[in-house]
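Accompanying notes for the structure given below.
Only the coordinates and a few stated rules stand behind these numbers; no lab work does. Bear in mind the structure is a predicted one, so any value in this text is a computation, not a measurement. Because the Cβ atoms are built from the backbone with ideal geometry, glycine has one as well, and the counts that use them run over all protein chains shown.
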Amino acid sequence: MLMMWRTMLYAACVPGFFIVVGMQFAVESPRWLAKVGRLDDARKVVENIWGVAEAEKAMEEMKSVVANDDSQASWSELLAEPHNRVALIGGSLFFLQQFAGINGVLYFSSLTFRDVGITSGILASLYVGITNFGGALVASNLMDKQGRKNLLIGSYLGMAFAMFLIVFSISFPLDEGVGHTLSVTGTLLYALLPSFSLAYSSSHGPQQFKM
């Protein structure tokens, strides 16, 4: 067990390593380059991304945005129309996200599976994590196509329904006379915990960061 958590900790370094290497090939923001007066460098980046044919149009739009971006905004503007409603909705979503229950599902899924008799808790936890990642892929493809509001409502309904069934299922006493993998509680949790994770990550998880 001691080596297992160390291995998992070491494995978390792998994505970070690839990000560090990949960032060496990333380009500077063309808008930032234009803002600091490096127009030639900005044009090169734009031509590399959008092609020479679109470079001139993109540069003109960028210059216009930079020229109108000199004004300094204050925090008090968030409390005035029309920004206050947007700020309230965005802030509320971030606040409510902390009470969604996803941390408990992810952190304690292996213990939960073990308590109901599923011995391979690590694999079950991995199953939940993969489902969470799959939901993020769904969100990235559907969020701007189906509408963020519709996906968010569906995400909340799915989370509420799955969590209700999770709590309901663990209220059953574990039937020691039945194989653990065939127990009602174990079977339900094996389906419901990933379902909750999928509902969360398909909208509620990444939604706030795209508002």
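When the Cα convex hull of the stretch 21-68 is projected onto planes of every orientation, the mean area is 3.3 nm².
For MET8, MET163, the sequence from fewest to most other C-beta atoms within 10 Å is MET8, MET163.
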